[in-house]
Amino acid sequence: MNLDGAKTLVTGGSLGIGKAIAAKLIQKGGSVAISSRSADNVNAAAKELGANGIVGDVSQEADAIRMVQESIETMGGLDILINNAGIGRGAPLVEMTREMMEEVFHTNVLGAMMVGREAARHFVAQESGNIMNISSTAGLKGFARGTAYCASKFALKGMTECWRDELRRHNVRVTLVNPSEVQTGWGGRKIEEINPKKLVAEDIADAVVGILEMEDRGFVPEFSVFATNPF
Ligand SMILES: NC(=O)c1ccc[n+]([C@@H]2O[C@H](COP(=O)([O-])OP(=O)(O)OC[C@H]3O[C@@H](n4cnc5c(N)ncnc54)[C@H](OP(=O)(O)O)[C@@H]3O)[C@@H](O)[C@H]2O)c1
């Protein structure tokens, strides 16, 4: 697709990977709406990028519905959803609480489903669209302390496969993106404490933009991005 003039909603677009994707799509000539829970962060990022800022929590159904509606109204349409908002909580199984599991699932699974559903209703009606679900290599292989996060990303992979089968019949391209570790403040980490040979947010943004730019007749169902030599 031609990204010049494309209209995109990036959930979790105030920081990290979502912000980098929003920046690249604007550089390509697109209009972008970004959403996140913190009004300060979303407004600051929107001003810096030249995006439309929407304050909202993807895990709240009314917010999920409103963020898609507002995106369509402010940009005059919607062509791409970057379903990126996500959180992580790490703990060994023996210390896991029901609350930790619910918190992660409310954003990473229910939130992704509700925003995806709202965008899909619009895309089916217009018989075109693109959904990129930002998952993780944690959605491909589990690891110690990953019960909540890995389970949520495995669930996102499962939902993506269902949406792909349903929506490609309406010319909607659905892609799962699996980054390995990226140097962001995700999960409360300090960026300066992450191995500097790991990926940066712009690497994921470059990959997402390249895949979207493929002609609409084709799409990439799923791709993973690894740091070349983080050892
Ligand atoms: N960084 C990594 O190593 C890595 C690797 C693989 C996959 N990923 C995935 O990439 C995505 C982005 O991660 P990141 O590293 O860029 O994280 P980040 O820097 O922490 O950014 C996360 C963004 O999501 C927003 N957000 C979180 N919960 C939300 C909610 N319920 N509703 C709306 N917005 C919400 C945050 O803003 P507010 O807090 O203001 O809401 C923020 O804008 C996530 O899905 C993550 O699982 C990250």
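Throughout, read-outs are computed from the coordinates displayed, never taken from laboratory work. Predicted, not measured: the structure shown is a model, and the values here were computed from it. Cβ atoms come from the backbone with ideal geometry, glycine included; neighbour counts cover every protein chain shown.
A few points about this structure:
- Its Cα gyration tensor gives the range 85-144 an equivalent ellipsoid; the semi-axes, largest first and in whole Å, are 30, 13, 6.
- Each label point was placed 7 Å from the Cα along the Cα-to-Cβ direction; for Phe226 and Lys198 their separation is 1.7 nm.
- Placed amide H near Arg145: partners under 5 Å, 5+ positions off or other chain: Leu93
- For the range 135-231: lysine pairs under 19 Å (alpha-carbon distance), excluding those fewer than 8 apart on one chain: 4
- Contact order relative to length of the range 41-138, as percent, for alpha carbon pairs under 8 angstrom and 6 or more apart: 35
- Span from the the range 73-136 Cα centroid across to the the range 15-61 one, whole angstrom: 15
- For the range 1-91, the relative contact order comes to 34 percent (Cα pairs under 8 Å, sequence separation of at least 6).
- For the range 1-141, pairs of C-alpha atoms spaced more than 28 angstrom apart make up 17 percent of the total.
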